[in-house]
Amino acid sequence: MADVIHTNYFTLSVLNRFGIELGFGDKSVEEVCKKNNVDVDFFLEIVNAFIDKDYFPKKHLQTFPVKLITDYLQKTHDYYHKLKVPEIENLIEEMVDSCYTQKENIVLLKKFFNDYKQELLNHTHREEEVVFPYTLALEKAYNSEELDNSVIELMDTYSIEIFQNEHDDIEEKLLDLRNIIIKYLPQPKNSKLCNKLLYELFNLEQDINDHSRIEEKVLVPKIREMEKIITKRFTKK
Amino acid sequence: MCKATFIIIEKSYLIRKGLISIIEKIPNTQVIQQFDNEDDLKILVNFESDFIIINPNLLNANTLEIIKKIAKNIQLISLSEKSIVLTKELEWTAQIYLEDTQNSILKKLNTLIGNRETKNVKSEVPEEISKREIDILKNIALGYSNKEIADKLFISTHTVVTHRKNITRKLGIKTVPGLTIYAILNKIIDINDTGKSKS
Ligand SMILES: [Fe+2]
Ligand SMILES: [Fe+2]
């Protein structure tokens, strides 16, 4: 497991999302996962996809239980809100404090990011309140022996198609912000802070990219398949 | 000189990676997108690229149509064993074989890139944003919708949309809040003007 982290430092945050803490000595990935009640296969696919954006075994990922997937997505949301966003806010705040020549410009960036934070919050909130519960309910109905009409009613009120259409590109604004800082923010900037901020923005953007990919290419097709099969069962009845 | 861009369509992860590592050996090249299956190809139309390298086994009735549509602007390169017979429905610029050595692949690619450059005389001068575009940008930053801007400037909504696309392409900024900051930084609008139009 230690090798995983040595290979790519960013996997630390992924380990975190699975509730795995450092201090596992020389234990293998399998041993550490077992000890932390983590599905090894799932963990490996997620970590590999995270490290390498060209690697994305979506068909395999779709075979895992919905609960595993949504739990991971949920943890990722928490990571953004509790860690990444505050980190970036602090950096911007530091920039405001340390800048004398163009405070008003940095304040603009601050407001931009503040609005973005709200947007991100709304986005993840909707997923947690509406989408994830829907997918879990659907899986339950899918796995159950009996045909319960309530799932049909549920599918009448919401569908994964709706999610697919309403799911917006939450990374766009981060890219805009990076471009503004790199290309258009007048010099002199506090370059140390500026670089750090760019680096954090870039990381968050990449992370959300990976995250949305799981939502759109794993969760959505998986649920769509379930919807189809459940509908079929009911028409047969 | 602008970059030679590639899209790779191939199922095998190993082959994609291998090919990318070879392409990356050539300076001024970039693999902008890769696909590992035919299902996702619908979005191909959204990409501008010089070359598509595709495993012909991934061509079916649907994908053939998509490729045909975009092939006018993009050069097609096949990626397969030597024994595969290519469909005559498409115009192939070159063929890369799995049996090829690295050197012969490099040679083929370099020739293609060389040919492309003599054809394309696009200059790399960064495009300035025009006066009209600044007008539009100003209104976007002030919070007006496409329709409102069209009415104000006596042009069609379609024209506004086209201007917006060009602005985004030139500045690398896509969202309204992003464009607003740009407008303020460049004194196109005053910070106190923002959001005034919306009551
Ligand atoms: Fe999410
Ligand atoms: Fe999302």
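Just so you know, all these numbers are worked out from the coordinates, no wet-lab data involved. These numbers come from a predicted model, not from an experiment. Because the Cβ atoms are built from the backbone with ideal geometry, glycine has one as well, and the counts that use them run over all protein chains shown.
Here are the numbers:
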quantity: About the Cα centre, charge dipole magnitude for chain A (Lys/Arg +1, Asp/Glu -1 at Cβ), debye; calculated: 280
quantity: Size of electric dipole in region B:4-124: Cβ of Lys, Arg +1 and of Asp, Glu -1, about Cα centre, debye, nearest 20; calculated: 280
quantity: Cα-based convex hull volume of region A:1-55 per residue, rounded to whole Å³; calculated: 69
quantity: Chain A: most fluctuating residue of A:134, A:199, A:72 per GNM, C-alpha cutoff 10 Å; calculated: A:199
quantity: Per-residue Cβ neighbour rank within 10 angstrom, fewest leading, B:79, A:136, B:19; calculated: A:136, B:19, B:79
quantity: CD proxy at 222 nm, helix term only [per DSSP H run n ≥ 4: -39500 (n - 2.57); per residue of the protein assembly as shown; nearest 500]; calculated: -17500 deg cm²/dmol
quantity: Selected from B:180, B:92, B:53, residue furthest toward positive end of dipole (chain B; charges at beta carbon); calculated: B:180
quantity: For region B:1-61, radius of gyration divided by Kirkwood radius, i.e. Rg to Rh on alpha-carbons; calculated: 0.97
quantity: Paired Rg and Dmax values of region B:131-193, which use every Cα atom, in angstrom; calculated: 10.7, 29
quantity: Potential lengthening between residue A:128 and residue A:97 on full extension [0.36 nm per residue; Cα-Cα distance subtracted]; calculated: 7.6 nm
quantity: Choice from B:72, B:42, B:187 with maximal GNM fluctuation in chain B (Cα, 10 Å cutoff); calculated: B:187
quantity: Least to most buried among A:233, A:178 (fewest other Cβ within 10 Å first); calculated: A:233, A:178
quantity: Inter-site label distance for residue A:12 and residue A:75 at 7 Å from Cα along Cβ, in nm; calculated: 1.7
quantity: Average projected area [Cα convex hull, chain A], square nanometres; calculated: 15.1
quantity: GNM result for chain A, Cα springs below 10 Å: residue of A:41, A:156, A:210 fluctuating most strongly; calculated: A:156
quantity: Region B:4-124 - Rg over Rh from alpha carbon coordinates, Kirkwood radius; calculated: 0.93
quantity: Calculated log₁₀ intensity ratio I(q)/I(0) where the Debye formula runs over C-alpha points of the protein assembly as shown, q = 0.08, 0.12 Å⁻¹; calculated: -0.62, -1.33
quantity: Entries of A:222/B:108; A:58/B:68; A:75/A:140; A:103/B:131 with Cα pairs more than 31 Å apart; calculated: A:222/B:108
quantity: Size of charge dipole - region B:131-193 - debye, nearest 20, with Cβ of Lys, Arg +1 and Asp, Glu -1, no other charges; calculated: 320
quantity: Listed residues A:167, B:64, A:193: farthest to the positive end of the dipole of the protein assembly as shown (Cβ charges); calculated: B:64
quantity: Unit charges at the beta carbon, dipole of region A:63-236: most positive-side option, A:202, A:101, A:149; calculated: A:101
quantity: For B:163, A:77, order by how many other beta-carbon atoms lie within 10 Å, fewest first; calculated: A:77, B:163
quantity: Rg in Å to one decimal, and Dmax rounded to a whole Å, for region A:19-113 via C-alpha atoms; calculated: 19.3, 55
